[in-house]
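The values are calculated or read from the model by the stated rules, or taken from the named source; none is laboratory data. Source: prediction; values computed, not measured. Positions of Cβ are backbone-derived with ideal geometry, glycine not excepted, and every protein chain shown enters the neighbour counts. SASA here: full protein model, heavy atoms, side chains in, ligands and nucleic acids out. Shrake-Rupley method; radii C 1.70, N 1.55, O 1.52, S 1.80 Å.
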Amino acid sequence: HPPIRTICCIGAGYVGGPTMAVIADRCPGIQVTVVDLNAERIAAWNDPDLGRLPVYEPGLDAVVGRARGRNLHFSTEVDAAIAAADMVFLSVNTPTKTKGVGAGQASDLRWIEASARQVAASARGHTIVVEKSTLPVRTAETVKAILGAAQQNRPEGDRRQAKTFAVLSNPEFLAEGTAIADLEAPDRVLIGGEDPAAIESLAGIYGTWVPQDRILRTNLWSSELSKLTANAYLAQRISSINSIAALCEATGADVREVGRAIGTDSRIGSKFLQAGPGFGGSCFQKDILNLVYLCRHYGLEEVAGYWEQVVTLNTWQQDRIARLVVQRLFGTVTGKRLAVLGFAFKADTNDTREAPAIRICQDLIEEGARLVIVDPKVSAAQIAEDLGQPSSPADGGWQTAGSPLEAASGADAILILTEWRDYARLDWGAIAAQMRRPAWLFDARAIADAAAARAAGLNVWRVGEG
Ligand code: NAD
Ligand code: UDX
């Protein structure tokens, strides 16, 4: 297997950007070009100010700073980058379909198909095509069919235009907020394929910094399905602990104590047992719904229903929190100022896709609350887009504030929706002094110092605390 000298990655998003930055950083001999149709996004990746990259990830600025301009490039010239590449990663978005067959469940594969067609048209010589996006099992069949048509289309005997392809599946397991650490020291790298030389070419790249025993090789379909399964298992753990949190609240148990007790069982393990406002992020819901759709497609109704329940419980958890805020505030929040701390779907990211804060804020806005939202990394423009309405101080409106203290001024309640570390160290004496009494803290992440908040005179609700 000839060594890879040039890589093109189609899609400069949360996966393509950080993943290629780490490959370029670790493999200075490989030229890596990340391309995207979105010119604004590419310009942001090229911004001389590393504080303005389009993706916020701890450590990403340093990695990009070392490699950019040396062997890491960001460009909108998709065709030229494909033509020059020995290996092309498809790292485009695969959101849930909103219309047509499978709407609301199946993955929308239009961007994968478009990028595969672009590779078919622009590739030169032998090209290894790597599925990096999360895809329904058997998508590689579609990719191969599109690339195969390009192989057949070339004029008879024209050897200069000879194109050959190998297709691999290499799903990404990074979590946002820890992307760089996850990429630099992954639990495993998974490579699915049929062509041993192509598999070893890709394994050789990862092998530069990942120990060989962590590079798993398998067939295409197992690789594609493993990604959906991993996310389904992880999301299932969150719905499981959130369901127990509700039972704890009803019975006087504490979900953190229950989590500690079950987490010490090595078969269960202690990670991913944090009750919260429900999972968010661009992956879990989309990937489970995709799994549900696939199960139904193959006639496995009971299996589909089993996984569907994970999403049902998650939506219920988000609604439940908005409802209980209204109930505790004497049944009405109309005209009340509520400080919302955290809008991102988890800490250490600027990503708000499927953030539980969106549904919870929308429900409270619907009830007539005046929300004051604070998040260290999410812009007001992003919040406006997610909530579907511009900022306004009116009842049933929202605005932003620069700090938790400012947001709390005159507020009846504080809601913590993202576990930003700073929210564990808030000065409850100073905050409580600014609020209207009786005042509440609703801590959906159980991160705040509840004893200090109670000592400052607040009524405190914490997720999972009976
Ligand atoms: P994203 O939306 O942040 O980025 C995708 C990018 O692809 C966009 O910038 C879009 O403009 C670009 N694009 C789409 N079609 C294109 C085309 N034909 N040519 C050039 N550019 C094109 O998405 P993401 O979060 O990076 O996710 C990408 C894939 O990785 C998805 O399948 C997702 O499920 C999977 N994934 C995501 C995560 C995560 O944490 N976000 C983790 C693992 C896997
Ligand atoms: C997830 C998978 O972890 C990752 O492997 C995959 O590649 C992409 O999807 P991500 O969505 O970025 O990563 O973050 P993750 O840490 O999994 O958190 C997802 C959601 O679950 C967040 O809203 C988070 O707050 C929530 N969560 C996580 C909990 O509520 N409790 C937990 O114990 C863990």
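Scoring 443-452, 258-267 by mean Cβ neighbours within 10 Å over their residues and listing the highest first yields 443-452, 258-267. List residues of the stretch 243-272, by number, whose backbone nitrogen lies under 17 Å from a label position 7 Å along Cα→C-beta of ARG323. From the stretch 243-272, the list is 243-251.
Only DSSP H runs of four or more residues enter the estimate; each adds -39500 (n - 2.57), and after division by the residues of the chain the mean residue ellipticity at 222 nm equals -13000 deg cm²/dmol. In the full protein context, the stretch 377-456 carries 44 Å² of accessible surface per residue, based on a 1.4 Å probe and ignoring ligands, DNA and RNA. Computed over the stretch 1-108, relative contact order equals 36 percent, with contacts defined as Cα pairs under 8 Å that lie 6+ residues apart. Sparse packing (at most 16 other Cβ atoms within 10 Å of the Cβ) combined with a DSSP loop state is found for the following trypsin sites (Lys or Arg not before Pro) in the stretch 373-437: ARG436. Would you be so kind as to identify which of VAL15, THR98, THR142 lies farthest towards the positive end of the dipole of the stretch 8-155, taking Lys and Arg as +1 and Asp and Glu as -1 on Cβ and the Cα centre as origin? Positive-end residue among those listed: THR142. A straight line joining the Cα centroids of the stretch 360-422 and the stretch 290-347 runs 19 Å. The label-point distance for HIS297 and ALA80, in a model that sets each label 7 Å from Cα toward Cβ, rounds to 3.7 nm. How far apart, in nanometres, would the label points at ASP213 and ARG267 be if each is projected 7 angstrom from Cα along the Cα-to-Cβ direction? So the two model labels end up 2.5 nm from each other. Each label was represented as a point 7 Å from its Cα along the Cα-to-Cβ direction; for ALA433 and SER403 these points are 1.2 nm apart. Bridges between two residues of the chain, per DSSP, are antiparallel at a rate of about 5%. Average 1/r across all pairs of distinct alpha carbons in the chain, invert it, and you get the Kirkwood radius: 23.9 Å.
How would the stretch 268-345 be classified by its alpha-carbon gyration tensor: rounded, prolate or oblate, with rounded meaning a/c under 1.5 and the a/b versus b/c comparison settling the rest? Judged from the Cα gyration tensor, the stretch 268-345 comes out prolate (a/c at least 1.5, a/b above b/c). Note on the stretch 273-324: with neighbouring protein chains present and a 1.4 Å probe, carbon and sulfur make up 60 percent of its accessible heavy-atom surface. Taking all protein chains as present, what is the carbon and sulfur share of the accessible area of the stretch 62-205, in % to the nearest whole number, probe 1.4 Å? On the stretch 62-205, the fraction of accessible area on carbon and sulfur atoms equals 50 percent.
Quick one: pull the percent of accessible area on the stretch 340-466 belonging to carbon and sulfur, 1.4 Å probe, ligands and nucleic acids left out.
44 percent
For the stretch 271-332, the set of chymotrypsin sites (Phe, Trp or Tyr not before Pro) satisfying both a DSSP loop assignment and a count of at most 14 other C-beta atoms within 10 Å is given as TYR298, PHE330. Of the listed pairs LYS271/LYS336; LYS227/LYS346; LYS99/LYS271; LYS286/LYS377, which have alpha-carbon separations greater than 29 Å here? Distance filter (> 29 Å) returns LYS271/LYS336; LYS99/LYS271.
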